[in-house]
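Colleague: Quick one: the structure is below, questions incoming.
The values are calculated or read from the model by the stated rules, or taken from the named source; none is laboratory data. Because the structure is predicted, anything quoted here is derived from the model rather than measured. A quick note on method: Cβ atoms are made from the backbone with ideal geometry, for glycine too, and the neighbour counts reach across all protein chains shown. Accessible surface is based on the protein model in full, side chains and every heavy atom, while ligands, DNA and RNA are left aside. Shrake-Rupley method; radii C 1.70, N 1.55, O 1.52, S 1.80 Å.
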Amino acid sequence: MPHANPAADCHAHVFCGSSYPHSPDALYTPDVSQAGTAAKFLDVLDAHGFTHGLLVGAGVYGADNRCLVSACAASGGRFKGIALVRPDVSDQALASMDGEGIVGVRINIMNHGLAPLVEPGAQTLLARLKEMKWFVQIQVTGDQLVDALPILSKAGVRLMVDHIGRPDIKRGVTQPGFQKLLELGRSGNAVVKLSGPFRSSVVGYPYRDVDPFVEAAIAAFTLDNCIWGSDWPFVRMDERMDYGLALVPLARWLPDPESRRKVLWTNPKRLFGFDY
């Protein structure tokens, strides 16, 4: 029976225990308390009234997307995924993932700089992703978008930005990187995740110092291009993080129930093909 109030958490990572090896180039090894499985995430979603999730490939696996794909396949349609790939990924591999619930590729500019956008094969990959109508999800911080956006805009791909661009809160909304994010939003060809306030906040919970950035992002992108994500299971955090704390600011940012429904369900359903 359809859920009365379907809702999608559009940013989470899942891990597969010993089923698949970590990449030797992994940027981190998650603490065992942060290495949540797909089954655990479904339990968390159920506990908080969510029905669907957009999974982002965990960097510990490099370009091995088997954990991500298996989680999507076992979810009964509840999960879609954002993969991690190398520029030389085969057309066959992309086509296979396209049929397995994968809807985009993540490029981590925050950790790797512009290298993923300028290395050999990068432009060809972007052209292939554009043709497939997949999202190119980017993680940036500070002013990185200033140099990255011209490259991405020239490629013409549909962009999705993590964690409202991870701005430097102390520098305010006028900082060049955040202004570039707002410019991208006004272009109408991008989606922003109203997620990860705890990644940027200086004052801590309930992260009110992030509110001006969220307000500006909503105005630039419009509600039609905003989604929300928890960032479960909160990897690379120095202190315990709870799902409820990540969810609390949403009611403050979007006090109107219809606006929240658009961000939590109408948009994810349209953008990623969720169904219920």
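Colleague: Which members of the range 208-252 meet the condition of being out of contact with any helix residue (DSSP H, G or I) (no Cβ under 9 Å at 6 or more places or on another chain) and open to solvent by less than 60 Å² (accessible area, probe 1.4 Å)?
Modeller: G244, L247
Colleague: Taking the criterion of being in a strand (DSSP E or B), modelled with pLDDT of 90 or more and open to solvent by less than 20 Å² (accessible area, probe 1.4 Å), would at least one residue in the range 14-27 satisfy it?
Modeller: Residues of the range 14-27 in a strand (DSSP E or B): none.
No - not one qualifying residue is present in the range 14-27.
Colleague: With respect to Y276, is the statement that it is under 18 Å from L55 (Cα atoms), touching a strand residue (DSSP E or B) at 6+ places or on another chain (Cβ under 8 Å) and either open to solvent by less than 40 Å² (accessible area, probe 1.4 Å) or small (G, A, S) (or both) true? Give the derivation first.
Modeller: Numbers: under 18 Å from L55 (Cα atoms): yes; touching a strand residue (DSSP E or B) at 6+ places or on another chain (Cβ under 8 Å): yes; either open to solvent by less than 40 Å² (accessible area, probe 1.4 Å) or small (G, A, S) (or both): no.
In short, no.
Colleague: Out of P2, P6, P30, report the one residue that is surrounded by fewer than 13 Cβ atoms within 10 Å (Cβ to Cβ) and either modelled with pLDDT of 95 or more or of a type outside the set (G, A, S) (or both).
Modeller: On the way: P6 fails: surrounded by fewer than 13 Cβ atoms within 10 Å (Cβ to Cβ); P30 fails: surrounded by fewer than 13 Cβ atoms within 10 Å (Cβ to Cβ).
Answer to the check: P2.
Colleague: The conditions are (1) buried (at least 20 other Cβ atoms within 10 Å of the Cβ); (2) of a type in the set (G, A, S); (3) in a loop (DSSP other than H, G, I, E, B), and G142 fails exactly one of them. Which is it?
Modeller: Exception for G142: condition (1).
Colleague: Which pairs do you get when a residue that is part of a loop (DSSP other than H, G, I, E, B), found in the range 232-253, comes within reach of a residue that is among the hydroxyl-bearing types (S, T, Y) and exposed (fewer than 14 other Cβ atoms within 10 Å of the Cβ), reach meaning Cβ atoms under 6 angstrom, with the pair 6+ apart or on two chains?
Modeller: These pairs meet every condition: R236/Y28.
Colleague: Checking the condition modelled with pLDDT under 95 and in contact with a Lys or Arg (Cβ under 8 Å, 6 or more places away or on another chain), which residue from D275, D231 passes? Can you show your working first?
Modeller: Details: D231 fails: modelled with pLDDT under 95.
On inspection, the qualifying residue turns out to be D275.
Colleague: Among the residues of the range 196-207, which ones are surrounded by fewer than 19 Cβ atoms within 10 Å (Cβ to Cβ) and in contact (Cβ under 8 Å) with a residue 40 or more places away in the chain?
Modeller: If the condition is that a residue be surrounded by fewer than 19 Cβ atoms within 10 Å (Cβ to Cβ) and in contact (Cβ under 8 Å) with a residue 40 or more places away in the chain, then Y205, P206 are the ones that fit.
Colleague: Also, quick follow-up: Exactly one condition in (1) in contact with a Gly (Cβ under 9 Å, 6 or more places away or on another chain); (2) open to solvent by less than 20 Å² (accessible area, probe 1.4 Å); (3) not in a strand (DSSP E or B) is false for P87; which is it?
Modeller: Condition (2) is where P87 drops out.
Colleague: So N65 fits all but one of (1) out of contact with any strand residue (DSSP E or B) (no Cβ under 6 Å at 6 or more places or on another chain); (2) over 29 Å from L250 (Cα atoms); (3) crowded, with 23+ Cβ neighbours inside 10 Å; what number is the exception?
Modeller: Single failed check for N65: (1).
Colleague: Let me ask another. Among the residues of the range 90-107, which ones are open to solvent by less than 20 Å² (accessible area, probe 1.4 Å) and part of a loop (DSSP other than H, G, I, E, B)?
Modeller: The answer is G101, and nothing else.
Colleague: Among the residues of the range 261-271, are any surrounded by fewer than 21 Cβ atoms within 10 Å (Cβ to Cβ), without any contact (Cβ under 8 Å) to a residue 12 or more places away in the chain and under 22 Å from G101 (Cβ atoms)?
Modeller: yes
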